[in-house]
1. May I ask you to derive the FRET efficiency for residue 28 and residue 80 from their Cβ-Cβ distance with R0 = 35 Å, giving the value to the nearest 0.05?
2. When the chain is modelled as a GNM with alpha-carbon springs shorter than 10 Å, which of 77, 90, 28 fluctuates the most?
3. Is it possible to state the helix-based mean residue ellipticity at 222 nm for the chain, with each DSSP H run of 4+ residues giving -39500 (n - 2.57), the sum divided by total residues, to the nearest 500 deg cm²/dmol? What is it?
4. Which number comes out as Rg/Rh for region 19-112 once both Rg and the Kirkwood Rh are worked out on C-alpha atoms?
5. Kirkwood Rh and Cα-based Rg: tell me the resulting Rg over Rh for region 58-128, rounded to two decimals.
6. Determine, at each q value in 0.15, 0.18, 0.22 (inverse angstroms), the log₁₀ of I(q)/I(0) that the Debye formula gives when each Cα of region 17-65 is one equal point scatterer.
7. Step through the residues of region 40-46 one at a time and calculate ³J(HN,Hα) from phi using the Karplus curve (6.51 cos²θ - 1.76 cosθ + 1.60, θ = phi - 60°), rounding each to whole Hz and writing x for Gly and Pro.
8. Please identify every one of the GluC sites (Glu not before Pro) in region 41-82 that sits in a loop by DSSP and has no more than 16 other beta carbons within 10 Å of its own beta carbon.
Amino acid sequence: MKLHADKPLNLNTVTGYGPGYIEINAVRHNQSVLVMPEGDIEPWPVSRFEDLEAAHFEALLERNPEVVLLGTGARLRFPHPRLTAALARRHIGVDAMDLQAACRTYNILMAEGRKVAAVLLVEPAAQD
């Protein structure tokens, strides 16, 4: 699916997504990514929800986001609170949603000027 929106100048915007990929600023990524409104799009070291660890979320603390969106892939799954405890202690909210909802929500919050971090898990596309 392609997303079309007025792109705020110089801000990272999700421009599309589908099975096995995410598109940011019209650049296709075939792996999980961490995206914030400003800065580089960074590879996220996990493609499977089951492989998430507390250390992955703790690494987000240095970025000091207001909120973290966790796009859990094709279906909504909730991380165990022990995984996100470091963020909770700093009063940083974590919202889990499926990948598509996370992409749309990220674009809205980014356009509002929020300091949002989106962790978008891109699951490998199914092979025919």
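1. Details: r = 31 Å, r/R0 = 0.90.
Efficiency, rounded to the nearest 0.05: 0.65.
2. In the Gaussian network model the winner is 90.
3. Numbers: 3 runs with 23 residues, N = 128.
Mean residue ellipticity at 222 nm (helix-derived): -4500 deg cm²/dmol.
4. Details: Rg = 12.7 Å, Rh = 13.7 Å.
That ratio equals 0.92.
5. Details: Rg = 12.8 Å, Rh = 12.7 Å.
Result for region 58-128 is an Rg/Rh of 1.00.
6. Normalising to I(0) and taking log10 leaves -0.45, -0.64, -0.91.
7. Per residue, the Karplus-derived 3J(HN,Hα) values read 6, 7, 10, x, 9, x, 10 Hz.
8. On the way: sites: 50, 53, 58, 62, 66; in loops: 53, 66.
Counting only loop positions with at most 16 other Cβ atoms within 10 Å, the GluC sites (Glu not before Pro) in region 41-82 are 53, 66.
Since every read-out is calculated from the coordinates, none of them should be taken as a lab result. Since this is a predicted model, take the numbers as computed values, not measurements. All Cβ positions, even for glycine, are placed from backbone atoms using ideal geometry, and neighbour counts span all protein chains on display.
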